[in-house]
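Enquirer: Pasting a structure here, questions to come.
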């Protein structure tokens, strides 16, 4: 369990570094009474949520607030459902001890959550985040030949640029008859357009990744396409907002990440251009 929490702490810290968030803690609180720094986000992909909590002291001569007896809760502001988090020991990227709080629930799309960190005092450190809703997806027709075939996918109603885009191709090697899903990473590719965020799916080059994953040569026959699906991570508005803008009586970062997939049917002619058989079906 401890090893798992340590891994989570490293992942959280790495994500803050990639996103440009400053996760250094100012130890002096500018509020009276207990105050805390929180670092973490709600992840729609997981049933296991984790944040890091640190105490702040009101003056340079004061000792930090102990985390013993500190309670952490989240509430779904729409349904009123309240979850109590459990404290656990962990280490940061430098191997130093930190206090992690964990909870078992999967955030709901579009829901707004209020985090509350409370010590012995009357006041609490609070923060809110809204899980991004599913984008609106649509596609242009595929264009090009076997050396340039591509298709543009649009995503609308995003709070900011999407991240971690990945195309997932489910194919069947007729000799095996067992479907295999092979991902092709697009990272943070794409651009903002008047029609929404646009991603050019490079079908002509993705097929090389898929065939290599099947241990087949590019010209081999007998590969059938079952479906293709775009997976996308949608960071909440807090990732693009001023630091700590959603945190009251505390410091740090608290946000969320939505996770959505979009499946569509590639026209049969384009499937043939790739060199595959068309056996697509929508889930």
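The values are calculated or read from the model by the stated rules, or taken from the named source; none is laboratory data. In this text, all values refer to a predicted model and were calculated from it rather than measured experimentally. Note that we place each Cβ from the backbone using ideal geometry, even for glycine, and neighbour counts take in every protein chain shown.
Enquirer: Could you tell me which numbered condition residue 146 fails, if it satisfies all but one of (1) on the phi < 0 side of the Ramachandran plot; (2) surrounded by fewer than 18 Cβ atoms within 10 Å (Cβ to Cβ); (3) at pLDDT below 95; (4) out of contact with any helix residue (DSSP H, G or I) (no Cβ under 9 Å at 6 or more places or on another chain)?
Expert: The one condition residue 146 does not meet is (4).
Enquirer: Might you check whether a residue that is assigned to a loop (DSSP other than H, G, I, E, B) and not assigned by TED's automatic domain parsing to the domain that holds residue 203 occurs anywhere in segment 110-117?
Expert: Yes, that holds for at least one residue.
Enquirer: Are any residues in segment 215-262 outside any strand (DSSP E or B) and within 25 Å of the chain's Cα centre (by Cα), and if so, which ones?
Expert: Selection gives 236, 237, 238, 239, 240, 241, 242, 243, 244, 245, 246.
Enquirer: Could you list, in sequence order, all residues of segment 262-283 that are free of Cβ contacts under 8 Å to residues at least 60 places away in the same chain and under 30 Å from residue 108 (Cβ atoms)?
Expert: 263, 265, 281, 282, 283
Enquirer: For segment 109-143, give me each residue that is at negative phi and free of Cβ contacts under 8 Å to residues at least 60 places away in the same chain.
Expert: Within segment 109-143, 111, 112, 114, 116, 138, 140, 143 meet the criteria.
Enquirer: Assess whether residue 160 counts as being surrounded by 15 or more Cβ atoms within 10 Å (Cβ to Cβ), modelled with pLDDT under 95 and under 22 Å from the mean Cα position of the chain (by Cα).
Expert: In short, yes.
Enquirer: Also: Tell me, yes or no, whether segment 70-93 has at least one residue that is closer than 16 Å to residue 250 by Cα and modelled with pLDDT under 95.
Expert: Scanning segment 70-93, I find at least one residue that is closer than 16 Å to residue 250 by Cα and modelled with pLDDT under 95, so the answer is yes.
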